[in-house]
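Undergrad: This is the structure I have questions about; it appears just below.
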Amino acid sequence: MKRRLYSNFLVVLAIDVILLACSWYLAHLLRFNFNIPPDSAAVMARLLPVVLLIKIVTFYFFNLYRGMWRYTSLNDLINMVKAASISSLFIVALIGFTHGFTGFARAVFIIDWVLTIFFISGYRAGIRIFFWVGGRDRTARISSFNPFRRGRREKGREKRLLIIGAGDCGEKIFREIQENASLRYSVIGFVDDDETKVGKQIHGIPVLGTTGALKPIREKVRADEALIAIPSASARQMRRVVSLCEGAGLPSKTVPGMGELINGKVSVKAIRDVAYRDLLGREVIRLEEERIGGYLENTKVLVTGGGGSIGSELCRQICRFRPAGVILYERAESALYEVDLELKAHFPNVEIIPVLADIRDRRQLSAAFSAHRPGVVFHAAAYKHVPMMELQPWKAVKNNILGTRNVVDISRGYGVGRFVFVSTDKAVRPVNVMGATKRVAELLVEGQDACGQGGTRFMTVRFGNVVGSVGSVVPLFKKQIEKGGPVTVTHPEMTRYFMTIPEACQLILQAGAMGKGGEIFILDMGVPIKIDDMARDLIRLSGFEPDVDIEIEYIGLRPGEKLYEELITEGEGIVPTEHEKIMVLRGGACDQAVLNGAIDELARMAYEQDVEGIIGKLKEIVPEYKPGTKK
């Protein structure tokens with residue numbers, strides 16, 4: 001391999017020497033109208049070795065012999081211009097210092113500079129064009145120039161692709177498709193709602209029209225598939241584009257919204273099928289990155305429930321801010337193993353520490369805090385499935401209340417700087433055990449700062465459902481659709497708040513930066529969505545028609561469910577914050593002694609699996625808890 005690289009270097013160097021010599025000679029020919037005087041010819045020949053040496057050495061120091069010229073970029077061309085300019089200036093300075101330009105034609109140096117850039121840049125660009133033509137079978141006419149082309153794909157196997165969105169994202173995706181011979185796509189055109197772009201071209205590919213004309217465009221160019229390359233599209237835009245694709249009979253894929261792109265870079269690797277979360281809107285969250293980095297950078301961060309849907313995404317987002325380490329505290333072995341591998345692969349410069357342990361075990365918690373000394377804790381571990389907790393309320397008490405108290409106590413004992421508790425809208429006027437236990441946990445967390453116990457800032461973040469999380473209805477609906485239905489909806493009027501997992505986690509990090517201690521932050525969930533509408537959208541996204549291909553069946557509310565969820569409890573004073581997506585409720589007075597006494601009683605009842613006692617005690621702690629109410 002080294003021998004091959006060395007031989008390639010010698011070939012490039014030899015061609016550069018020939019091209020530079022030709023540039024020097026042609027500059028004199030042009031200057032003297034193709035009739036070089038004998039004295040100028042002698043000077044030209046005498047200076048040729050010096051010119052070649054200076055230029056080659058300068059090119060070497062500008063790394064022009066380290067590039068892979070099949071991937072020549074604008075940055076490489078800029079470096080060539082810099083190298084040619086510096087070398088020409090050095091030659092002029094050397095000759096001016098040694099000879100004072102006596103007997104030299106000054107115009108030669110300018111012409112030689114121009115020709116050097118033209119020859120060397122053209123040679124590098126030609127290498128890229130050769131490999132581009134050789135690696136892609138765009139047309140028979142182009143490919144005929146390169147009979148030795150590698151990576152040729154079988155005719156008829158490419159999908160004819162329309163890219164919806166003739167912006168930066170669409171252009172980048174097109175370039176990646178062009179350069180990757182393994183992708184089975186042939187881009188035949190762009191579509192964009194900006195009418196000023198229609199008729200123009202991107203790298204020779206035309207913008208064929210607007211999305212309103214998608215059906216005739218598809219028929220005209222015989223497109224097989226569409227790629228929606230609009231990462232900042234709103235919910236209304238995405239619904240419209242997806243609907244137009246369906247109306248045109250065009251299968252569609254998309255690139256993720258910017259919130260899903262951890263490094264902010266769009267790539268063909270990120271292309272996926274259109275999912276329901278795309279229909280919720282793709283507004284980019286305004287993050288105060290300096291403020292978030294101020295409490296995460298160079299700090300060890302512990303995330304309980306690190307293998308769960310919220311916990312794992314929190315870890316991904318946290319790793320962007322260069323923490324000293326991320327401690328994945330998780331009791332599910334498989335989930336912990338998978339997120340550990342993923343984070344180590346994507347963030348090699350961040351120390352990832354997997355801890356297989358349970359928040360209900362104080363000894364395990366204490367050992368983890370003692371060994372790793374986290375400065376920030378995100379508590380996302382919880383039991384979430386409402387019907388399961390109705391059947392086994394003692395489990396909700398042990399995990400959601402006692403587990404939270406363990407994490408709170410040990411975080412305070414080890415001097416954690418910030419503690420962020422991830423709560424739920426089901427804690428507001430709860431009608432189920434899961435919501436009631438989360439409300440008790442909220443009271444436990446918000447009372448810590450009111451008591452002035454230690455220097456830890458305790459805060460809570462409350463939000464609704466996240467699409468795709470464990471416990472979300474979306475995976476259930478998708479499984480039912482795959483089986484051919486029916487899709488089971490509890491009630492035609494049931495509504496819920498939804499947001500995407502990345503959006504929720506970004507706002508959790510933002511709230512963590514804003515907290516002074518004792519607050520409950522409320523995330524703006526937008527407009528509540530009918531579960532019935534969600535089911536119908538998912539059926540259409542899967543290529544079926546609701547009530548025609550896939551039946552929707554209403555089965556009635558399950559134990560502990562209510563028709564409408566809320567984010568604010570009656571009597572809570574909501575205050576806006578400087579962030580448009582986050583509101584805050586200030587914590588109440590401290591009654592930790594009374595609360596802890598009640599929690600101790602709950603612990604005893606949970607140990608005895610005393611269902612009636614647990615329900616009664618939860619009602620005592622949370623007066624607004626109305627078990628079984630369906631409102």
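The values are calculated or read from the model by the stated rules, or taken from the named source; none is laboratory data. Fair warning: this is a prediction, and the values are worked out from it, not measured in the lab. Cβ placement follows ideal geometry from the backbone for every residue including glycine, while neighbour counts extend to all protein chains displayed. Protein only, heavy atoms only, side chains kept; ligands, DNA and RNA dropped before computing areas. Shrake-Rupley method; radii C 1.70, N 1.55, O 1.52, S 1.80 Å.
Undergrad: Distance cut-off 31 Å, Cα to Cα: go down the list K159/K581; K172/K344; K253/K479; K478/K619; K159/K197 and report the pairs above it.
TA: Distance filter (> 31 Å) returns K159/K581; K478/K619.
Undergrad: Now, a different point. Return the lysines within reach of K626: Cα separation strictly under 24 angstrom, same-chain partners fewer than 8 residues apart disregarded; answer none if there are no such residues.
TA: Here the lysines satisfying the reach criterion relative to K626 are K384, K395, K398, K426, K438, K530, K562, K617.
Undergrad: Quick one: what are the phi-derived ³J(HN,Hα) couplings along segment 159-166, Karplus 6.51/-1.76/1.60 with θ = phi - 60°, whole Hz, x for glycine and proline?
TA: Values per residue, Gly and Pro as x: 8, 7, 10, 9, 9, 8, x, 9 Hz.
Undergrad: Counting only protein heavy atoms and using a 1.4 Å probe, what share of the accessible area of segment 286-408 belongs to carbon plus sulfur, as a whole percent?
TA: 48 percent
Undergrad: Any idea of the accessible area per residue across segment 305-409, 1.4 Å probe, to the nearest Å²?
TA: Values: 4210 Å² over 105 residues.
Accessible surface, normalised per residue, equals 40 Å².
Undergrad: Sequence-distant or interchain residues sharing an amide H contact under 5 Å with V489, placed H: which?
TA: Residues meeting the criterion, in which the H sits 1.01 Å from N, are E553, Y554, I555.
Undergrad: On to the next question. If you count, for each residue, the other Cβ atoms within 10 Å and average over each peptide, how do 187-193, 29-35, 513-519 line up from highest to lowest?
TA: Order by mean packing, descending: 187-193, 513-519, 29-35.
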